[in-house]
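The values are calculated or read from the model by the stated rules, or taken from the named source; none is laboratory data. None of the values given here were measured: they were computed from a predicted structure. Glycine also receives a Cβ, built like all others from the backbone with ideal geometry; neighbour counts cover every protein chain displayed. The area values use the complete protein model at the heavy-atom level, side chains included, leaving out ligands, DNA and RNA. Shrake-Rupley method; radii C 1.70, N 1.55, O 1.52, S 1.80 Å.
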Amino acid sequence: MLHQDWMILALQQARIAFAQGEVPIGAVVVHKDKAIALAHNEKEQRQDPTAHAEILALQRAARYVGSWRLSEATLYVTLEPCPMCAGALIQARLQKLIFGAADSKGGAVGSVMNVLDVNKWNHRVEVVAGILEEECAQILKEFFVRLR
């Protein structure tokens, strides 16, 4: 499958979050050409500041493979990860991050800072940005327009 196909799955998760009143961010972990974990933001539902789509997807993927090391996995997420999530990608030894929209207010993979681009980390995550960027940005815009 193409990057766009996996990002469509992440967008489906974002739509679930939207319907539940959560900030619409979705994530999919792909391992050996198979989606092994799907997640969306659950901060409001869980009342947990760490319940970001990326964190939940990484937790589910680790359970699926039976290891915290996700060195053969790719994470697709609709919005550029925050510092917490970018750090979790390093900790998980993730092979690749693919994201949709940049986050000019909180993005930690190039927009505000770049947590992944520090030469002293013991692991490097490959990054591809801008996959279905317009669609990923649009669902967030719609959500915040409805909030106001």
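Spin-label pair S111-A129: with each label point 7 Å from Cα along the Cα-Cβ axis, the two points sit 0.9 nm from one another. Database remark: amide H of G26 closer than 5 angstrom to the amide H of A14, T78, L79 (H placed geometrically; neighbours at sequence offset of 5 or more, or on other chains; Pro and chain starts carry no H).
Other residues lying with their Cβ under 14 Å from the Cβ of L56 contribute a combined charge of -1, Lys and Arg counting +1, Asp and Glu -1. For region 16-148, averaging the sequence separation of C-alpha pairs within contact (under 8 Å, six or more residues apart) and dividing by the residue count gives a relative contact order of 20 percent. Assuming charge only on the beta carbon of Lys and Arg (+1) and of Asp and Glu (-1), the dipole of region 53-148 about its Cα centre is about 380 debye to the nearest 20. Scattering from region 2-148 was approximated by placing one identical point on each alpha carbon and applying the Debye formula without solvent; log10 I(q)/I(0) at 0.10, 0.17, 0.21 1/Å stands at -0.29, -0.87, -1.35.
Each other residue within a Cβ distance under 15 Å of L38 adds +1 if Lys or Arg and -1 if Asp or Glu, for a net charge of 0. What the phi angles of region 127-142 give under the Karplus curve with 6.51, -1.76 and 1.60, with θ = phi - 60°, is a coupling list of 10, 10, 10, x, 7, 6, 4, 4, 5, 5, 6, 4, 5, 5, 4, 4 Hz, glycine and proline written as x.
Volume per residue of the convex hull around the Cα atoms, evaluated for region 24-98, comes out as 77 Å³.
Listed by chain and number, the lysines placed with their C-alpha closer than 28 angstrom to that of K105 are K43, K96, K120, K141; residues fewer than eight positions away on the same chain are left out. What separates the Cα centres of region 105-148 and region 40-85 is a distance of 14 Å. If you take all other residues with their beta carbon under 14 Å from the beta carbon of A19, and give Lys and Arg +1 and Asp and Glu -1, the sum is -2.
Compared with the dominant Cα axis of the chain, that is its longest principal axis, helix 3-19 is turned about 50°. Here the chain exposes an accessible surface that is 50 percent carbon and sulfur, computed with a 1.4 Å probe and the other protein chains kept in place. Under 5 Å between amide hydrogens, which residues at least 5 positions from A73 or on another chain qualify, with H placed 1.01 Å from N in the peptide plane? Those lying under 5 Å, H to H, from A73 are Q95, K96. For region 45-148, applying the loop criterion from DSSP together with a ceiling of 16 other beta carbons within 10 Å to the chymotrypsin sites (Phe, Trp or Tyr not before Pro) yields W68, W121.
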